[in-house]
Amino acid sequence: MSMSCLACHHAFVPPFSWRDLFTVSVLRSEVLLPVEQWLCVQCRSKLVLLRDGCLLCSRSVHDLDSRYVAEYRGGQICFDCRRWLEWEEAQQSGRVLTCNRSVAQYNAWMQDLLTRYKFRGDERLRYFFASLLYSHWNGMAQQMDKVDVIAPIPLSAKRLKERGFNQSALVARLLADKIGIAYTEKLLLRRDGEDKQSKKGREERLKEMLQKFLNNPEQNVDIHGKNILLVDDIYTTGATLYAAAYLLKKRGAKHIYAYTLAR
C-alpha cells in the first residue's frame, strides 16, 4: 500500500505486517505509528537520532572540543550542563532539572519540519512527533523514577493567540494518553512580553529566567512529592525548562524531567 511521506510528501511503500492488516493501523492517522510508517527512506536518513550524548541534556559530545566536555558520574556532560550544575550549586537548590532527553538532532531537516508544525499550522505533524517520542519512551523511562504527571511547556497568551495552538501540548497529550500517565496543561502560566535575550549578560538572563513562569491559579493537580515530565519541542540553552522546573520544585515537586524532540 502506497502512502505519502509526511515530510517530503512523496509516495512510498512503508514496511507492512499482517498485524497492520488486521488492525488497519496504517489507515488511521491518529495512531502513533512506528517512524518508518511516517517517513520514506530518504527522509528517515535525514532524521539523526541522538545516542550516547551528554548525560544531562542529550547533546552530542563527540564533535566538541575536549575543553567543553567534563566527566560526570561515569559519563560525560557538555559545557552548558556543567554551568547549570554550577548555577544549581550557587542557588543551593539541589537538582532543579534532573535531566533532559532529546530524541533527534536539530539539523536543517528537523528545523524545517518543526517550522511547518509551529508556524505554518501543519497540525498533522503532531502524530509523527508524538510517535517519535513514544518510540524512545522505554529508554527514557529507564532513566527516571516513576513519572506521575506529564505537562507541556506553556505558551504565553500572546504567542498562543498568534499560533492558535500550543505545539508541545498537542504532542504531550498524545504521548500521555498512549503510555497512560496523567496529563495536565495547567501547571504553569507563561508571562507575556518576554524580551530578546541576545543582548543581555548571562547574570541578567538568569535573573529574568526565574520570572518567566507564574503559578496557575486554576491548576488542580497536587504535585507535592510527585515526579513531573515536561514536554517541549526543542532544547536550546535549557533556560526555559530550568525556569519551569525551578518554579515546580518550589511548589514541592520531587523530580522534574524533560522530554524534547530535538537538541
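Annotations for the structure displayed:
- Taken one residue at a time, the phi angles of segment 42-50 give Karplus couplings (6.51, -1.76, 1.60, θ = phi - 60°) of 4, 6, 5, 6, 8, 7, 9, 7, 8 Hz. Gly and Pro are set to x.
- Sulfur and carbon atoms: percent of accessible area, the chain [1.4 Å]: 49
- The phi torsions of segment 228-241, fed into the Karplus equation with coefficients 6.51, -1.76 and 1.60 and a -60° offset, translate into couplings of 10, 10, 8, 10, 9, 7, 10, 9, 9, 9, x, 4, 5, 5 Hz, rounded to whole numbers, with Gly and Pro shown as x.
- Residues whose amide H lies under 5 Å from that of Arg59, counting only those 5 or more places away or on a different chain, are Cys54; hydrogens are built 1.01 Å from N in the peptide plane.
- Equivalent ellipsoid semi-axes - Cα gyration tensor, segment 118-177, angstrom: 24, 14, 7
- Once the convex hull of all Cα atoms in segment 103-142 is built, its volume per residue stands at 62 Å³.
- Backbone phi angles across segment 132-141, fed through the Karplus curve with coefficients 6.51, -1.76 and 1.60 (θ = phi - 60°), yield HN-Hα couplings of 5, 5, 5, 5, 10, 5, 4, x, 5, 4 Hz in residue order; Gly and Pro are listed as x.
- Probe 1.4 Å, protein heavy atoms only - accessible area per residue of the chain in square angstrom: 53
- Relative to the longest principal axis of the Cα atoms of the chain, the long axis of helix 79-91 makes an angle of roughly 40 degrees.
- Residues whose placed amide H lies under 5 Å from that of Arg101, excluding near-sequence neighbours: Ala258, Tyr259, Thr260
- For segment 129-263, the Kirkwood estimate of hydrodynamic radius, built from reciprocal distances between every pair of different alpha carbons, is 15.4 Å.
- Each listed q (0.16 Å⁻¹) maps to a log10 I(q)/I(0) for the chain, found by the Debye formula over equal Cα scatterers with no solvent: -1.32.
- Residues with amide H under 5 Å from that of Val149, placed H, sequence gap 5 or more: Asn227, Leu229
- By accessible area with a 1.4 Å probe, ligands and nucleic acids excluded, highest first: order of Lys254, Lys161: Lys161, Lys254
The values are calculated or read from the model by the stated rules, or taken from the named source; none is laboratory data. Just so we're clear, the structure is a prediction, and the values are computed from it rather than from any experiment. The protein model used for the area step is the full one, side chains on, heavy atoms only, and it has no ligands, DNA or RNA in it. Shrake-Rupley method; radii C 1.70, N 1.55, O 1.52, S 1.80 Å.
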